[in-house]
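What follows is a single structure, written as structure tokens, with notes after it.
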């Protein structure tokens, strides 16, 4: 039986010890099968003070693993949070287990990051665990998720709506995160705690049905067990089968990814005709775009745009996707867009936002190099400081060798620039005049002529 803050021991019987042996063997076999831990390596163990994490820490420490306990005080439950921290400190002191503790202002972080408190707590926890893993040169981070957690996650994802990943359940290993208890259930953990007379503390929020996961555990699952007493086993079997299906599915997605995606000029290009040649285009598109942060809703909008006009933009937190004529083009959002950089007369080398080399040469020493990476100007016609910026609607220049004005946008259209190429272009300006579309064409008004005595040479590195 569970009680908040303490545990009532049960009579230790031969049967109970046999059950413990069975549970221990099951966990050890699971660790070995999935290669979760190695005996010689350190492991960071997340410990809240609750039953599951206490059992995990005790089991791993007792099994001889080099554990470092890690406790987060999220300061969300007033005195109860401090009680949990104190319990973990006393537990680790009793068993002589190294312990790291940290306190977070979780509500403030949630506000700053514009995410839920639950998501903020999760992110803070795993970010800190990874810092500890590096600090202690640990191999992995162990968390106490078990079979019942997997069932709840499965149902949670079904209710919210999910793809195959959400139905395949928790993985025994996800990067540096390992879940040694994923093959045991809550009752087996309770038995382990009882046999070893281990105390624990309960989080009162675990019994509040305002949280969807709690509602599933406290209300939905008991109702489902009335229909099928073995429903948890059935869901876990289904989840395992779907995990196997997922591996086949992801393997096929990677095959298609290599066929459809190519990298060019700091951007990702996906051929629309080739994409439309595959069955289930919408699902394939989602899988291709998900690594760049595009969610399902945005991906559905992108899919609907495939036969539409060019130029439409779609955004994820860090990337922008442009629907071009025959391609979807994905580019990381530039932090420098909209900014202007100034170049003083004393500067000869520029490293940001692009790399340029400037040099003043007398006409007598001047040698012409025919390359788009070079631009040549009559030094007396140019006014410093020069500036670098991106193009804006209405920009114009007089292309070298011509007499009439041309809009920069028309130049782009004539040379078939896609939207990403337009946004990547920098303009070198003197006062308010564009003197060079960098790497493309200089302005005729600033050309070298019969009156030139000094040449400003600008090279794009």
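Observations on the structure shown:
- Verdict on residue 88 being within 20 Å of residue 184 (Cα to Cα) and buried (at least 18 other Cβ atoms within 10 Å of the Cβ): no
- Some residue of the stretch 271-293 being at pLDDT 90 or above, surrounded by 13 or more Cβ atoms within 10 Å (Cβ to Cβ), in a strand (DSSP E or B) and touching a strand residue (DSSP E or B) at 6+ places or on another chain (Cβ under 8 Å): yes
A quick yes/no check of all residues on (1) assigned to a helix (DSSP H, G or I); (2) surrounded by fewer than 17 Cβ atoms within 10 Å (Cβ to Cβ):
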{"residue": "92", "(1), (2)": "yes, no"}
{"residue": "107", "(1), (2)": "yes, yes"}
{"residue": "110", "(1), (2)": "yes, no"}
{"residue": "124", "(1), (2)": "yes, no"}
{"residue": "128", "(1), (2)": "yes, no"}
{"residue": "141", "(1), (2)": "no, no"}
{"residue": "152", "(1), (2)": "yes, no"}
{"residue": "159", "(1), (2)": "yes, yes"}
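- With respect to the stated conditions, residue 237 is more than 28 Å from the chain's Cα centre (by Cα) and closer than 30 Å to residue 148 by Cβ.
- The residues of the stretch 173-185 that are surrounded by 19 or more Cβ atoms within 10 Å (Cβ to Cβ) and either more than 26 Å from residue 38 (Cα to Cα) or in contact with a strand residue (DSSP E or B) (Cβ under 7 Å, 6 or more places away or on another chain) (or both), listed by number, are 177, 178, 180.
- Taking the criterion of being in contact (Cβ under 8 Å) with a residue 60 or more places away in the chain, farther than 16 Å from residue 172 by Cβ and surrounded by fewer than 22 Cβ atoms within 10 Å (Cβ to Cβ), the residues of the stretch 31-47 that qualify are 41, 42.
- Qualifying residue in the stretch 205-221 (condition: closer than 24 Å to residue 19 by Cβ and not in a helix (DSSP H, G or I)): no
- Criterion applied to 428, 456 was being under 14 Å from residue 374 (Cα atoms), part of a strand (DSSP E or B), under 41 Å from the mean Cα position of the chain (by Cα) and not assigned by TED's automatic domain parsing to the domain that holds residue 327, and the one residue passing it is 428.
- Among the residues of the stretch 299-313, those identified as outside any loop (DSSP other than H, G, I, E, B) and modelled with pLDDT of 85 or more are 299, 300, 301, 302, 303, 304, 305.
- Options 392, 346; residue that is part of a loop (DSSP other than H, G, I, E, B) and within 39 Å of the chain's Cα centre (by Cα): 392
- Single unsatisfied condition, residue 298 versus (1) closer than 23 Å to residue 430 by Cβ; (2) touching a residue at least 12 places away in the same chain (Cβ under 8 Å); (3) in contact with a strand residue (DSSP E or B) (Cβ under 8 Å, 6 or more places away or on another chain): (1)
The values are calculated or read from the model by the stated rules, or taken from the named source; none is laboratory data. Nothing here was measured: the structure is a model prediction, and the numbers come from that model. FYI the Cβ positions are ideal-geometry reconstructions off the backbone, even for glycines, and counts take in every protein chain you see.
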